[in-house]
1. Leaving ligands and nucleic acids out of the surface, order Asp70, Asp407, Asp262 by accessible area at 1.4 Å, largest first.
2. From the phi of every residue in segment 54-60, what ³J(HN,Hα) in whole Hz does the Karplus formula 6.51 cos²θ - 1.76 cosθ + 1.60 yield, where θ is phi - 60° and glycine or proline is x?
3. Can you give the Kirkwood hydrodynamic radius for segment 89-151, in Å, rounded to one decimal and based on Cα pairs?
4. Would you work out which of Val289, Leu189, Leu263 lies farthest towards the positive end of the dipole of segment 179-297, given +1 charges on the beta-carbon of Lys and Arg and -1 on that of Asp and Glu, about the Cα centre?
5. Enumerate the amide H contacts of Val196 below 5 Å, restricted to partners 5 or more residues apart or on another chain; note that Pro and chain-start residues carry no placed amide H.
6. Using amide H atoms built in the peptide plane, which far-off residues or other-chain residues are under 5 Å from Lys238 H to H?
7. Give, rounded to the nearest 20 debye, the magnitude of the charge dipole that the chain has about its Cα centre when Lys and Arg contribute +1 at Cβ and Asp and Glu contribute -1 at Cβ.
8. Could you work out the relative contact order of segment 264-342? I mean the mean sequence separation of Cα pairs under 8 Å and 6+ apart, divided by the number of residues, in percent.
Amino acid sequence: MMETKLLTEHYDKDEYIGLDGYKKHGGYEVLKKALKMDPKAIIEEVKASGLRGRGGAGFPTGVKWGFLPDNGEPRYLLCNADEGEPGTFKDRAMMERAPHQLIEGMIISAFAVKSNKSYIYVRGEYQMCIRKLEKAIREAYDGGFLGKNILGSGFDHDMDVYSGAGAYICGEETGMISSLEGKKGQPKLKPPFPAVQGYLAKPTIVNNVETLAAVGPIIRDGAAAYRKHGTEKSAGTKLFSVSGNVKKPGVYEVPLGYPLIDLINVECGGLEPGRKLKAVIPGGSSAPVLTAEEAMKATMDYECLQGMGSMLGSGAVIVIDDTNCMVDMLKVIMHFYHHESCGQCTPCREGTGWLHKIVNSIVTGEGRLQDIDLMLRVSRQMMGKTICALSDAAAMPAISFVEKFRDEFEFYVREGRSKVKGSLHA
């Protein structure tokens with residue numbers, strides 16, 4: 001099995017970035033088709049396709065659109081491009097290589113949910129993405145694909161790009177809405193959910209970059225054609241950001257249900273000679289780590305990874321070979337989550353700090369054996385007790401690293417050095 005390029009077919013062509021090149025390869029033809037459809041029919045087609053949110057949660061997209069109340073209030077469509085999960089970079093590739101693909105998918109989605117205004121919320125570090133999106137939006141206005149009476153359909157839609165300030169928590173949909181409203185980027189209690197009361201307290205749909213881009217092929221080819229890819233419950237293709245110890249890291253599009261080991265060995269060229277697979281983080285830094293044995297059996301879909309106690313998440317695959325120390329890696333991950341906690345909830349604010357402090361004490365040779373179990377207890381006290389999932393995102397990798405590689409933690413404490421690297425107080 002090889003890559004299936006449903007979305008990325010033309011990403012190798014520089015001309016695809018601009019409007020003329022995009023149109024040359026069929027761009028905006030799907031929009032013409034969609035604008036002649038009943039908006040409800042588009043929603044039903046997306047429901048039938050089985051498309052699930054590609055940002056991490058995996059919630060059915062068409063079902064989410066169906067939650068909008070029919071109350072006559074203005075509706076907003078927000079594209080979550082605040083890609084901040086360590087290891088994730090597929091949305092950046094999509095925005096840099098195919099900005100019009102995202103814009104076309106958004107206009108079709110906006111028409112389906114009857115929204116006249118949308119924003120693309122991009123993380124502040126992605127300046128190149130922001131410049132390319134702004135240029136593409138101007139081209140779309142000039143081409144009659146945005147603004148008043150799009151292509152003579154009577155549908156009006158305006159779109160803007162909003163730059164975040166680099167906070168990971170703004171990738172959480174209500175945190176992103178707070179930021180977009182000009183407030184501190186902190187998550188809000190749910191309910192009410194954004195579909196009922198979101199941006200400016202109005203009905204709002206928040207979808208990921210890849211989710212919105214996937215709407216185009218679904219409307220072009222139909223739900224049945226989209227379902228030919230993937231599995232029954234995880235339909236379609238998925239872009240994976242693969243990093244770590246592989247010969248060819250990068251973004252790869254494969255059908256959901258694709259064997260993880262094939263993604264590593266076929267698409268990414270495998271590991272360097274003499275190296276041995278030790279572990280894989282399959283869905284971004286918040287996903288519980290898989291051992292090499294588990295990775296050999298895993299397929300890249302929501303159900304398989306959930307069954308293994310991990311998750312597909314944002315599709316960020318981090319490959320770890322036998323030269324890496326799991327204790328050192330966990331220290332880096334815990335530093336990230338402690339730094340990115342917004343501080344709103346005590347279990348997260350204090351828990352992420354304690355986890356970072358404990359693993360750091362082990363790495364600096366000051367740890368005690370009982371600290372290993374203390375990490376597990378602190379992690380379990382953090383889960384399911386906060387407004388958003390950042391606390392869980394820190395706790396889940398901590399638990400899996402300790403439970404699956406406990407010998408490395410115990411060696412570090414006893415010897416004061418890494419079992420893998422052999423250095424003193426690395």
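1. Most to least solvent-accessible, the answer reads Asp70, Asp407, Asp262.
2. Running phi through 6.51 cos²θ - 1.76 cosθ + 1.60 with θ = phi - 60° gives 8, x, x, 6, x, 6, x Hz.
3. Averaging 1/r across every pair of different Cα atoms and inverting gives 12.2 Å.
4. Leu189
5. Long-range HN contacts for Val196: Thr204.
6. Val254, Leu256
7. 420
8. 32
The values are calculated or read from the model by the stated rules, or taken from the named source; none is laboratory data. If you're wondering where the values come from, they're calculated on a predicted model, not measured in any experiment. When we count neighbours, we look across all protein chains shown, and the Cβ atoms used for this are built from the backbone with ideal geometry, even at glycine. These accessible areas exclude ligands, DNA and RNA; they are computed on the full protein's heavy atoms, side chains included. Shrake-Rupley method; radii C 1.70, N 1.55, O 1.52, S 1.80 Å.
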